[in-house]
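To keep things clear, I will list the structure first and then write my remarks on it.
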Amino acid sequence: MDFFTILSEQQTTAPLFLTLKTLTLVGLLHLVSGVLLGFYLTTKKSMMRSVVDFLVTLPLVFPPIATGFVLLMLLGRSGLIGTALSVNIVFSFTGVIIASFVAGLPLMVKSVETALRGDVRRLAELARVLGKSDWETFWLVLLPNIRRSIATGWFLALGRGLGEVGITLMLGGNIIGKTNTLSLEIYNAVFSGEFDRAVVLASILAAFSCMIFIALKKLSSPDFL
């Protein structure tokens, strides 16, 4: 097996660049929405908050392929949401983004929510006593004190999105050259009997996973930040 020859082939580089592009966009979405949703889930109890909590947590316990099917029924051209949209989501790059976003969001949100329910609540109460508004307390007190949890949740969400297959298969469709991410391309390579290429693709994912693992180990160090 010529590792570097296979690595330089378009069949390998195209899924790699697609995956990197997906992780970049999804990472930004996770960072913003994950923090805001985590904060929202620590506010006063309400029916809407319970619904949001259920929807965010569902991908953690619901099989990915079933989650993808539900999203397909909702976002497809004849779906409840898809009929109201002018953009085609299914079998497109947008579908890949949504799949990766949905898969990793619970890990980001739950990390932030757990941190906000910890000892940092005392600092929030003190800030409110000193006359700070909820948003001032959130931006100036809470966020700086949960940055480690935010970073941990973010890396976990990226790792989950990196290995996503089931939801992406339903929404993205595994279209060669368009929606075939690294994880899906490993399946394609094995299915077509290209085991050498599957090894190279798996090695790339392993390298990404190792980087995420190292980052998480750094975050767990008491000297971090």
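Checked against (1) assigned to a helix (DSSP H, G or I); (2) in contact with a helix residue (DSSP H, G or I) (Cβ under 9 Å, 6 or more places away or on another chain), residue 206 passes all but a single condition, namely (2).
Among the residues here, residue 195 does not qualify as within 30 Å of residue 111 (Cα to Cα), among the aromatic types (Phe, Trp, Tyr) and surrounded by fewer than 18 Cβ atoms within 10 Å (Cβ to Cβ). Of all the listed residues (23, 31), the sole one being closer than 20 Å to residue 172 by Cβ and either surrounded by 12 or more Cβ atoms within 10 Å (Cβ to Cβ) or touching a helix residue (DSSP H, G or I) at 6+ places or on another chain (Cβ under 7 Å) (or both) is 23.
Elements of the type helices (runs of 4 or more DSSP H) sitting completely within region 70-173 and holding at least 2 residues that are modelled with pLDDT of 90 or more and in contact with a helix residue (DSSP H, G or I) (Cβ under 8 Å, 6 or more places away or on another chain): these cover 93-116, 147-162, 166-171. Within the option set 115, 127, 84, 66, being under 15 Å from residue 169 (Cβ atoms) and either aliphatic (A, V, I, L, M) or out of contact with any Gly (no Cβ under 8 Å at 6 or more places or on another chain) (or both) holds for one residue only, 66. Residues in region 209-223 that are within 16 Å of residue 157 (Cα to Cα) and surrounded by 11 or more Cβ atoms within 10 Å (Cβ to Cβ): 209, 211, 212, 213, 214, 215, 216, 219. Only one of the numbered conditions (1) surrounded by 15 or more Cβ atoms within 10 Å (Cβ to Cβ); (2) farther than 18 Å from residue 178 by Cα; (3) touching a Leu at 6+ places or on another chain (Cβ under 7 Å); (4) not small (Gly, Ala, Ser) is not met by residue 57, and that is (3). Between 214, 176, 204, 167, the distinction of being under 29 Å from residue 90 (Cα atoms) and free of Cβ contacts under 8 Å to residues at least 24 places away in the same chain belongs to 176 only.
The values are calculated or read from the model by the stated rules, or taken from the named source; none is laboratory data. Values in this document were obtained by computation on a predicted structure and should not be read as measured data. In this analysis, Cβ positions are derived from the backbone assuming ideal geometry, glycine residues included, and neighbour counts consider all displayed protein chains.
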